[in-house]
1. Would you kindly state how much longer the chain becomes between residue 5 and residue 59 on full extension, computed as 0.36 nm times their sequence separation minus their alpha carbon distance, in nm to one decimal?
2. Counting Lys and Arg as +1 and Asp and Glu as -1, what is the net charge of the other residues whose Cβ lies under 11 Å from the Cβ of residue 43?
3. Using the per-residue mean of other Cβ atoms lying within 10 Å as a proxy for protection, in what order, highest first, do the peptides 23-29, 4-10, 47-53 fall?
4. According to a simple spin-label model (label point 7 Å from Cα along Cα-to-Cβ), what is the distance in nm between residue 26 and residue 47?
Amino acid sequence: MYLYWDSTYILVIIGAIICMIASAKVKTTFNKYSQYRSMSGMTGAQAAQRILNAAGIFDVEAGPGAAVMWRCAMYLAA
């Protein structure tokens, strides 16, 4: 079996390092701001439902897992 070094491996390693740094940054920022309570006392799902209702969209329900479904819908629409 031939094992060889290709210079494009460096690009892959750099990309992996950038992804790990970005992931750590998002995680620490989320943990920091997840400790804050909203002044209205609403959850994110309640705020999202309120925005949808204000826009006249009543056939969409915001709740746990809705963000995942929303991202999938946006991905498929693109």
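1. Details: separation 54, 0.36 × 54 = 19.44 nm, distance 5.56 nm.
Net length gain for the segment: 13.9 nm.
2. On the way: positive: 37, 50; negative: none.
Charge balance near residue 43 sits at +2.
3. Details: 23-29: 10.0, 4-10: 7.7, 47-53: 14.6.
Going by the mean number of other Cβ atoms within 10 Å, highest first, we get 47-53, 23-29, 4-10.
4. 1.9
No lab work stands behind these numbers, since they all come straight from the coordinates. Please read these numbers as outputs of a predicted model, since none were measured by experiment. For neighbour counting, all protein chains shown are included, and Cβ atoms are generated from backbone atoms with ideal geometry for every residue, glycine included.
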